[in-house]
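A quick write-up on the structure given underneath.
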Amino acid sequence: MEKKWPLWEIFVRSKNGLEHRHFGSLHAADADMALENARDVYTRRSEGVSIWVVESKNITASNPENNGELFEPAQDKVYRHPTFYTLPDEIKHM
Amino acid sequence: MSDAQLKNLEEIFEQRIANDEKIEPKDWMPEKYRKTHIRQISQHAHSEIVGMLPEGNWITRAPSLRRKVALLAKVQDEAGHGLYLYSACETLGISRDELYEQLHSGKAKYSSIFNYPTVTWADMGAIGWLVDGAAIINQVPLCNTSYGPYARAMIRVCKEESFHQRQGFEIMMTLCNGTEAQKQMAQDALNRWWWPSLMMLGPVDAESVHTEQSMKWKLKRKTNDELRQQFIDQTVPQADILGLTVPDPDLKWNEETGHYDFGEINWDEFWQVVKGHGPCNKERMNARVGAWEKGTWVRDAAMAYAEKQQNKKENPAKAV
Ligand SMILES: [Fe+2]
Ligand SMILES: [Fe+2]
């Protein structure tokens, strides 16, 4: 019975100055092969200058069911936004 | 979960899609949504992978280096499309091996067009022009579908398809501007690929069972018949430019509707091919299953090597 190649998540920086972005996933026996495969699968047309590969099982993701408690508290903190503060119209550059 | 709770969740879910929100892998979704998406995305992935076979047939015999690099690049793109789609499908909780198993056992379908043989070089032109052309018409609306990973995969696929169609049309154009024999070869390829390309856009609306649900989930934006009409309307003028005749005696511009009228499609042939009785169904599956089985030792060796490297890293002392 063969052992399955694990799943890897692929992150690509499209050019210097930009962050690595999630591009998709693929199967590979190890990290080196994941990098090689990622190059062939996700950067055939110069889409990247740097690749990160992370084995999918090492990613811990938040659960959308908890989105309420995780993200809703930010919604009533309007004072974190500049528009919350009233200034006279004459004030420039602020 | 009670029936009422489930119904409530389903309503919220449908509302999110109606509001153009995307569904992501860990979101709650109705079982039917998950199953339908696994079926459609995997069928799509299988089509990309099996679709490499008819064209792979001509790589070694491409008439020039220019044609060979283009065909190689196109076939490699199709492998990439399959891989984007398989990984999108896996986010729905099915493994790659299960997906392959469904293809190899015949449980899952792939596009019936790839069960036709590629007998001349002109078929490489006709496939790029017509088959990729029809695929583009099918795929562009999917860039906006409701399931996030599928939509993102489709955006990537659509960016790459345009080259496929153009290289095919260029092959046709070169043949049509060549000798009489070359032009005849192009005409013969059009004759053989025209009707299967129309069938590729799916059964007529009256017989297409999933249309309504698929529209709601944005797996479909237009019906099969609408897509087919769009394909015919845009392709016939291209055939005119090539100086080729579309093999349909009933094909006629209709001033009133602003569309081409066209002849009866042989749906018996379509269903025969879908059911496994096309000219190349067996050959395609043998090639696919054969490649998978003959590759077993390579996959095993890669895994064994990876484990050995890992052990060396963890216990450098023990390494010999
Ligand atoms: Fe493709
Ligand atoms: Fe293509």
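Which one of B:L92, B:L71, B:L130, B:L142 is over 28 Å from B:L242 (Cα atoms), buried (at least 17 other Cβ atoms within 10 Å of the Cβ) and within 16 Å of ligand 1 (Cβ to nearest atom)?
B:L142
How about region B:1-26: which of its residues are in a helix (DSSP H, G or I), surrounded by 11 or more Cβ atoms within 10 Å (Cβ to Cβ) and of a type in the set (V, I, T)?
Listed by number, the list holds a single entry, B:I17.
Could you tell me how many of the residues in region B:157-166 are more than 9 Å from ligand 2 (Cβ to nearest atom) and either free of Cβ contacts under 8 Å to residues at least 24 places away in the same chain or buried (at least 22 other Cβ atoms within 10 Å of the Cβ) (or both)?
Counting residues in region B:157-166 that are more than 9 Å from ligand 2 (Cβ to nearest atom) and either free of Cβ contacts under 8 Å to residues at least 24 places away in the same chain or buried (at least 22 other Cβ atoms within 10 Å of the Cβ) (or both) gives 2.
Give the residue, chosen from B:R192, B:R152, that is within 16 Å of ligand 1 (Cβ to nearest atom) and among the basic types (K, R).
B:R152
Only residues that are touching a residue at least 60 places away in the same chain (Cβ under 8 Å) and surrounded by fewer than 14 Cβ atoms within 10 Å (Cβ to Cβ): list them for region B:242-278, please.
Of everything in region B:242-278, those that are touching a residue at least 60 places away in the same chain (Cβ under 8 Å) and surrounded by fewer than 14 Cβ atoms within 10 Å (Cβ to Cβ) turn out to be B:G243, B:N266, B:W267, B:G276.
What is the one condition in (1) among the hydrophobic types (A, V, I, L, M, F, W, C); (2) within 14 Å of chain A (Cβ to nearest Cβ); (3) touching a residue at least 60 places away in the same chain (Cβ under 8 Å) that B:A108 does not satisfy?
For B:A108, the failing item is (2).
If you take just the helices (runs of 4 or more DSSP H) that sit entirely in region B:219-320, which of them hold at least 2 residues that are away from chain A (no Cβ under 14 Å)?
Hits in region B:219-320: B:224-242, B:267-272, B:281-294.
Checking B:I94 against (1) more than 20 Å from B:F169 (Cα to Cα); (2) more than 16 Å from ligand 2 (Cβ to nearest atom); (3) touching a residue at least 60 places away in the same chain (Cβ under 8 Å), only one condition comes out false. Which one?
With (1) more than 20 Å from B:F169 (Cα to Cα); (2) more than 16 Å from ligand 2 (Cβ to nearest atom); (3) touching a residue at least 60 places away in the same chain (Cβ under 8 Å) applied to B:I94, the lone miss is (3).
Collect the residues in region B:56-68 that are loosely packed, with under 12 Cβ neighbours inside 10 Å and within 14 Å of B:Q167 (Cα to Cα), keeping them in residue-number order.
Those that are loosely packed, with under 12 Cβ neighbours inside 10 Å and within 14 Å of B:Q167 (Cα to Cα): B:S64, B:L65, B:R66.
Which one of B:I171, B:I137 is within 16 Å of B:V236 (Cα to Cα) and either more than 14 Å from chain A (Cβ to nearest Cβ) or not β-branched (V, I, T) (or both)?
Matching residue, one of B:I171, B:I137: B:I137.
In region B:45-72, which residues are in contact with a helix residue (DSSP H, G or I) (Cβ under 8 Å, 6 or more places away or on another chain) and either among the charged types (D, E, K, R) or within 10 Å of chain A (Cβ to nearest Cβ) (or both)?
Those that are in contact with a helix residue (DSSP H, G or I) (Cβ under 8 Å, 6 or more places away or on another chain) and either among the charged types (D, E, K, R) or within 10 Å of chain A (Cβ to nearest Cβ) (or both): B:E48, B:E55, B:R67, B:K68.
How do the helices (runs of 4 or more DSSP H) wholly within region B:27-124 filter down when requiring 3 or more residues that are of a type outside the set (K, R) and either closer than 30 Å to B:Q184 by Cα or modelled with pLDDT under 95 (or both): which remain?
Counting at least 3 such residues, we get B:31-50, B:52-56, B:65-90.
The values are calculated or read from the model by the stated rules, or taken from the named source; none is laboratory data. Since we're looking at a predicted model, the values are computed, not measured. Note that each Cβ is placed from the backbone with ideal geometry, even for glycine, and that neighbours are counted across all protein chains shown.
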